[in-house]
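What follows is a set of notes on a single structure, which appears directly below.
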Amino acid sequence: MGYCKHLLDNLKSRLLLLTLLTILLGGVEAGVEADYRGTLKSDIDAIIDSPSTPAAVWGVRIEDSESGEVVYSRNGDTPFIPASVTKLITTAVALDHLGPDYTFTTHLQFPVNGDLYIIGGGDPTLGTAEGAGGRSFLDGWAEQLAKQGVDRVKGDIVGVDALFVEEPQGAGWAWDDASYPFAAQPSALTVNGGTVGYIIDKNRKQRLKKSQVHLYPKSEYMEVVTQTTAEKSRLHIRRKQGSNQFVVEMPEKMRKNPKLSGKVTVDNPTLYTATLFREALERAGVKVEGEARDGDEIGSRQISNNSDATLVWTHHSKPLKEILPLANKRSINLVAENILRATGVRRGRAGEIKRAGSVARGVKTVDRFMAERNIKPYRYKQVDGSGLSRYNLFRPADIVSVLRSMQSHPQAKVFHNSLSRAGHDGTLRWRFNETPLEGRVWGKTGTLSAVRAVAGYLKTPKGRELTFAIMANNYPFGSRKIRNRIDSILLKSAEWADRSQK
């Protein structure tokens, strides 16, 4: 009996010792975790508070993708200007609302009055390398009509953009950006991304001539104006506000022969499309007696819903899942703008337009999407689809919440594949090269004057996943320093995550 009691006491002692060791070791492990976290906070604080980047206001939120544990936060619940990070919200909402296989459709119709209608479906890729390619696309349509026996259009070539409310410039867009391709006018009917290309070949010793300015596609739509100025030291190209005058300003004295190429926006993309198609028909031998016109002049909604019209041709864009990377990888603003408007369209049972798409109606769809994620409308402000406006405001914590929700979304893979990958493609192509995070960061960047941002996902070398949103606003110096600090924050976070991995 005494021997059994001795064994029992010995077993109790060992169990007590084991319990104490477990508690002690757990405490040590928790202490190490806390120490690592303290180190991460001090490391990121040192990066953000660097004397070399004074005045910048930072918003940072980093969470463990699986648990939702907040790894680091600085002003995570403060609204910031997100720039093109806004596209993450726009594309997530579009994928959720429209679905991955949604396509934009463009129709050709011959109504009874003899006009030929091009009815836009909001396709932002029409006539681009990513959609149906440029002038050759319109030439193909014209040649197809000619093959069907159409040799004359007695009326006008009418461009119809009734699917979207006419909003040529977003709220808060800078008026002096209007010539640049990133500020192309959103429209339900647009080709070539709402732009015209140019090549200028000029001898600096000779006066600039119109014949040295080449526009493509060649069209009567744009008027070339050349000017000489003593105020500038280089060629300056712009589109005159509210017109389609392509103005080239050449300084009186130039140091070298310029050879410039690029793109400028067009005013009224709908009329531009109709004009290009009229010219394509003429080249195909189809005589057009009327003019190119914007359907707004004669009531676009009635045209779109005209049941007496004969459908001649329908063009479908690539599915949405293949268009999203144009917004998230390449950051094409027009794509995001048209996508947002498409989420606000409502059609009837017969396909007729009941409610045209607009920014405001698209944002209503955003509001419903955010409410499903318990993000209240007062926490953010969205006024466009692309992030070009400085009126947009989002909190880093809410962007992270949306990103984490998309990881469990039925279209999680499609969304993830639309993002730029560090060192591989898109706007992250040249970031994190030859670092532990090369190929391990997927996200969307954002840049405006005094605004730099990035949000997305990272996977550490040991496999831990973090979701992040980092934004810097209001700094009175170049963006390179801010970009380098953002990258340093993510590198430190990945290093910490692997060191603290259990």
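We did not get these values from a lab; they are worked out from the coordinates using the rules stated. Because the structure is predicted, anything quoted here is derived from the model rather than measured. Neighbour counts run over all protein chains shown; Cβ positions are idealised from the backbone, glycine included.
Only the Cβ atoms of Lys and Arg (+1) and of Asp and Glu (-1) were treated as charged; on that basis the dipole of region 102-177 about its Cα centre amounts to roughly 460 debye.
Mind ordering 137-147, 274-284 by average Cβ neighbours within 10 Å, highest first?
Working: 137-147: 18.3, 274-284: 22.3.
Averaged packing, sorted descending, gives the order 274-284, 137-147.
With the charge dipole of the chain set up from +1 on Lys and Arg Cβ and -1 on Asp and Glu Cβ about the Cα centre, the Cα lying farthest toward the positive end among the listed residues ALA497, SER73, HIS416 is that of ALA497.
Would you mind estimating how fast the chain diffuses translationally, via Stokes-Einstein at 4 °C and 1.567 mPa s with the Kirkwood radius over Cα pairs, in µm²/s?
Working: Rh = 25.6 Å.
Rounded, D is 51 µm²/s.
Note on region 152-181 and region 386-423: Cα centroid distance 28 Å, given to the nearest whole angstrom. Among beta bridges identified by DSSP and lying wholly in the chain, the antiparallel ones come to about 75 percent. Taking 16 Å as the cut-off, the amide N atoms of region 424-441 that come nearer than this to a point 7 Å along the Cα-to-beta-carbon line of SER488 belong to 432.
The angle separating the long axis of helix 2-48 from the principal Cα axis of greatest extent in the chain is about 40 degrees. Between VAL225 and ASP151, the simple label model (points 7 Å from Cα in the Cβ direction) yields a spacing of 4.3 nm.
Comparing VAL454, PHE110, ALA371 along the charge dipole axis of the chain, the residue lying farthest to the positive side is VAL454, per the Cβ-charge model.
When you count, for each residue, the other Cβ atoms within 10 Å and take the mean per peptide, how do 465-471, 241-247 rank with the highest first? Please list the in-between numbers first.
Working: 465-471: 25.7, 241-247: 15.4.
Ranking, from highest mean packing down: 465-471, 241-247.
Show me the ranking of peptides 370-381, 39-50, 394-405 by mean Cβ neighbours inside 10 Å, starting with the highest.
Values: 370-381: 13.8, 39-50: 16.0, 394-405: 23.2.
With the highest mean Cβ count within 10 Å placed first, the list reads 394-405, 39-50, 370-381.
Among the listed pairs LYS321/LYS364; LYS218/LYS240; LYS218/LYS287; LYS263/LYS459; LYS240/LYS481, those whose Cα-Cα separation exceeds 28 Å are LYS263/LYS459; LYS240/LYS481.
At 0.36 nm per residue, minus the direct Cα-Cα distance, what do GLU291 and GLU372 gain on full extension? Give it in nm, one decimal, please.
Details: separation 81, 0.36 × 81 = 29.16 nm, distance 4.89 nm.
Separation in residues times 0.36 nm, less the Cα-Cα distance, equals 24.3 nm.
Estimated purely from DSSP H runs of n ≥ 4, each contributing -39500 (n - 2.57), the mean residue ellipticity at 222 nm for the chain is -11000 deg cm²/dmol once divided by its residues. Only Lys, Arg, Asp and Glu carry charge here, each on its Cβ (+1 for the first two, -1 for the last two); on that basis the chain has a dipole of about 1220 debye about its Cα centre. Subtracting the Cα-Cα distance of TYR391 and SER261 from their residue separation scaled by 0.36 nm leaves 43.6 nm. Among VAL383, GLY197, ALA292, flag the residue with its Cα farthest along the positive direction of the charge dipole of the chain, charges on Cβ as +1 for Lys/Arg and -1 for Asp/Glu. Of the candidates, GLY197 comes out farthest on the positive side. The simple spin-label model puts a point 7 Å past each Cα toward its Cβ; for ARG355 and LYS462 those points are separated by 5.0 nm.
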